[in-house]
Amino acid sequence: MSILGEIIKPSKSTQSHHATYAWLPWWVIGVCGSFLLPQTHHAYWLTAAIVLGAMAFKRSWWWCRYACLLCVGVLFGIWRTEAVLQQQWPISGQSDSEEVILTVIDLPQTNGFRSRFLADVQLSDGRTQNWLVTDYGKQRWPVGSRWRVQTKVRALIGETNAVGFNREAWALSNHIGAVATIKGKRELISNEGSWAGALSRWRARLSDRWQAQQANYPQGVPLLKALAVGEQSALPTEAWQIFRPLGLNHLVSISGLHVGMLAMLAAWLCGKLLYFMPLPIQRPWIYQRIVAVITAIIYSALAGFAVPTQRSMLMIIILALTWRRGHLRPMQTWWLTVALVLLYDPLAVLSVGFWLSFLLVAALMWAGEGNGQTSKLQQLFQSQWAAGIASLVLVAFVFGSVPLASAPVNAFAIPWFTLVLVPLALLSLILPIPFLATLAAWIAEKTMQWLFFVAEYAPEFHPAHAPLALWMLATTAIVFLLLPRGFYLRPLCFLILGLLLTYQPKRLAENQARITIWDIGQGLAVSITTAKHNLLFDTGTGFAAQSTLLPNLQAAGIKRLDSLVLSHNDIDHDGGATLIRTHLQPKQIFAGQAQAYPFAVKHCQTGMNWQWDGVWFEFLNQPVKGTAKKNDRSCVLRVIAAGKSVLITGDLSKSGEKAMVAAYGDKLFSQILLLGHHGSRTSSDIDFIRMVQPEYAIASVGFANRYNHPHIQVQELIKNENIVLLRTDRMGGLQTTLSATPLQWQPLTQNKAYWQRKPMEKP
């Protein structure tokens, strides 16, 4: 009997317990499934739950019980999610000015041009929210400090493409209500007596203990900070870029794996200590579990009780209360843990870490169910096999990549990180001995050097994004592969996985071009695909390229670029150039400011043209004076296929547009126009618009961006000229094909769940 059982002494039999826990999966499935619904339809689900409950009570039909529990799970998920949505900042077309009192609750992330931190914000009406705050003034924001500030705040609405980082899901799962930018002066307010502030200052002091080793161990110290106090922002960008192909992202955060392994290590040490006690200890497992829970709580406190860490801590507490051989089967304990985590926070469903953590635990439980004759080496192999195969489809679906070296690297890295690095990092904090801190930093530095070396040779496979039916079929195949005998269907299961990983989208015909406007926030990225060639015009920011653009290009089946065009040297247009160049290896690169790049680049000169698969490409930008601003140096590309054309002008200003009108006149005619400078009023000259005569004008902009793009004057001009305005901030990523058929725009995401607040207007 568990610890909880010792206290409440239940009278029900073990069989009764097993019958009760058999219901849990249906409630869990209901909660998880609620996040897929396009509409809530409370009345339908409530009616179904009542009817099914009555039938189960009157007829004792087992399927009615399970169906009723599924409906109750759906209702619970909807109820809790809508309660969180009501607390978020309301959607408006622009940022709102708001004076607030904020408390810095996490270690700030600082780079060369801004500081960013999480803050607990008290609004003027007395409500409180968690905000993600950015300060471009790069002021110092000590953890736990409290300020009265003027902000520009907006709802956190993310980008919508086929795959890639979902900002809205991330914000909801972490209970972040808005994003804000600091404006004007700030006023410091006393923060004495706040336990959260004291905890944050304690974490900051612990983080500073490694500062003396930072110069000698520039990679090791950031790793220690991430593992010990949850300061992931300390890791440089190049470090994150090597974690992905190695499949190690889960190891560089205070996650369920680290919390669980550290709690197990503490419990094991406690057991060894009790074994050598002079007096016999009754029920030593009770003390071991208490130590495990205390360890989990302290380690979570070091991470600032971040939302993912809270879930991990809750998992350890639940396992400590319920796990005992013979009382519950392993998978019953697993389902109970999942159910209680969702009862505490159903929004965990939107976190990729939630799925990866529980999948890993389930796979390890399955591997540990072997008979007593199974050797430790066989169990280790089974564990790695189960963990790798269980996460294959999920990782490919979410991240668009399969790190082929993940299994062997994790086989070494998991025990090394959890049993050596993490305990050593924490020990160097508990015992402030300079030698111990230096030793920890040295070992962490050597670990990073080894990972950088391995990452150079680690293969990474990027499957194209397959139809949903094939993903579901592959998920079923994974389940059969993990069964003891797989119902003798393992060859078929491997065949299905092979089909998923080798799937390729249908190729275009000759004289056709697919135009994709990627939703990357405030920036520009347009891909043009012909039958056998691929071109990318601009990359967006570095973050957008890494989190959104690159995964989507690879998911679209683009493994290599024939050409990359960088319109001009501005961070929202070429911030991801190095990343794209490294991963997609373009055969040639064109740029409006060729001298701005450290790699080989050709200048996009007027008159340059070429033909791919019956599709015509040409640069139309006019020569500029040496004193011209960089926006007027933008490459201007026109693509013509099947008698239709698209014109992309980068950030070209009105003066550049007038020069093009003088040079080409009505030859500029194009059905599709990418508005210059994201729809700024410094572009879109009326004579230029009338000369192009587009059917569609597209503004690639971020939602409620601080520049108010597209400008209201440009919107009115477009409307007066009877042109259809398409906006990525309100429609997400868009795609059309230049072919003999009329133009039809398709959103990259067809389905919208009820919790997503992006307008997703129809083209």
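Mind ordering 442-451, 81-90 by average Cβ neighbours within 10 Å, highest first?
Values: 442-451: 17.5, 81-90: 14.4.
Final packing ranking: 442-451, 81-90.
Quick check on the chain: helices-only [θ] at 222 nm, where DSSP H runs of length 4 and up contribute -39,500 (n - 2.57) each and the sum goes over total residues. Nearest 500, please.
Details: 27 runs with 339 residues, N = 763.
So the helix-based figure for the chain works out to -14000 deg cm²/dmol.
Around Leu489, which amide H atoms from residues at least 5 apart in sequence, or from another chain, sit under 5 Å from its own amide H, with H modelled in the peptide plane?
Correct list: empty.
Taking the Cα centre of the chain as the origin and placing charges on Cβ (Lys, Arg +1; Asp, Glu -1), which of Gln622, Leu356, His678 is farthest toward the positive end of the dipole?
Working it through, the farthest residue towards the positive pole turns out to be Leu356.
Cross-link candidates for Lys602: which lysines have Cα within less than 29 Å, leaving aside residues fewer than 8 places away along the same chain?
The reachable lysines, counting only those whose Cα sits under 29 Å from Lys602, are Lys532, Lys559, Lys587, Lys625, Lys629, Lys630, Lys644, Lys654, Lys658, Lys667.
Check the straight Cα-Cα distances from Lys152 and name the lysines below 26 Å, setting aside those fewer than 8 residues away within the same chain.
Lys138, Lys183, Lys185, Lys758
Most exposed first by the Cβ proxy, i.e. fewest other Cβ within 10 Å, how do Asp96, Asp685 rank? It would help to have the intermediate numbers written out before the result.
Working: Asp96 15, Asp685 20.
Least crowded to most crowded, the residues run Asp96, Asp685.
Please report the spacing between the Cα centers of region 588-608 and region 627-660 in Å, no decimals.
Rounded to whole Å, the Cα centres lie 15 Å apart.
About its Cα centre, what dipole magnitude does the chain give when the only charges are +1 on Lys and Arg Cβ and -1 on Asp and Glu Cβ, stated in debye to the nearest 20?
My answer is approximately 1340 debye.
What residues have an amide H closer than 5 Å to that of Lys138, excluding those fewer than 5 places away on the same chain, when H is modeled at 1.01 Å from N in the peptide plane?
Ser115
Output ³J(HN,Hα) for region 699-711: one whole-Hz value per residue in order, computed from phi by the Karplus curve 6.51 cos²θ - 1.76 cosθ + 1.60 with θ = phi - 60°, and x for Gly and Pro.
In residue order, the calculated couplings are 10, 8, 9, x, 5, 6, 5, 6, 9, 6, 8, x, 5 Hz.
At a 10 Å Cβ-Cβ cut-off, how would you order Ser124, Ser233, fewest neighbours first?
Numbers: Ser124 9, Ser233 17.
Listing Ser124, Ser233 from fewest to most nearby Cβ atoms yields Ser124, Ser233.
So for the chain: antiparallel DSSP bridges make up what percent, rounded to the nearest 5?
Working: 61 of 85 bridges.
Antiparallel bridges make up about 70 percent of those DSSP assigns within the chain.
When the Cα centres of region 447-462 and region 68-128 are compared, how far apart do they sit, in Å?
If you average the Cα positions of each part, the centres end up 37 Å apart.
Per residue of region 580-597, what does 6.51 cos²θ - 1.76 cosθ + 1.60 with θ = phi - 60° give for ³J(HN,Hα)? Whole Hz please, x for Gly and Pro, Karplus curve as stated.
In residue order, the calculated couplings are 5, 4, 5, 8, 10, 6, x, 5, 8, 10, 10, 8, x, 10, 4, 6, 7, 10 Hz.
Taking H placed 1.01 Å from N in the peptide plane, check which residues at least 5 places from Lys602 or on another chain put their amide H under 5 Å from its amide H.
The answer is Ile589, Phe590, Ala591.
If each residue's Cβ is checked for other Cβ atoms within 10 Å, how do Val724, Val526, Val133, Val479 rank with the fewest at the top?
Ordered by Cβ neighbours within 10 Å, fewest first: Val479, Val724, Val526, Val133.
In debye to the nearest 20, how big a dipole does region 544-646 give about its Cα centre with +1 on each Lys and Arg Cβ and -1 on each Asp and Glu Cβ? If you can, show how the numbers build up before the last one.
Details: 11 positive and 7 negative charges, 26 e Å.
With Lys and Arg at +1 and Asp and Glu at -1, about 120 debye.
State, to one decimal in nm², a quarter of the convex hull surface area for the C-alpha atoms of the chain, i.e. the direction-averaged projected area.
Values: hull surface 152.8 nm².
Seen from a random direction, the Cα hull of the chain projects 38.2 nm² on average.
Setting aside same-chain residues fewer than 8 positions from Lys272, which lysines have a Cα under 23 Å from its Cα?
Lys376
So if I take the centroid of the Cα atoms in region 384-436 and the same for region 543-559, what is the distance between those two points in Å?
About 25 Å separates the Cα centre of region 384-436 from the one of region 543-559.
Would you kindly compute the Cα radius of gyration of region 541-595 and its largest Cα-Cα separation (Dmax), both in Å?
Rg then Dmax for region 541-595, in Å: 10.7, 32.
Values in this text are rule-based calculations from the coordinates and carry no lab data. This one's a predicted model, so the numbers in the text were calculated from it and none came from an experiment. Positions of Cβ are generated from backbone atoms using ideal geometry, with glycine treated the same way; all protein chains shown enter the neighbour counts.
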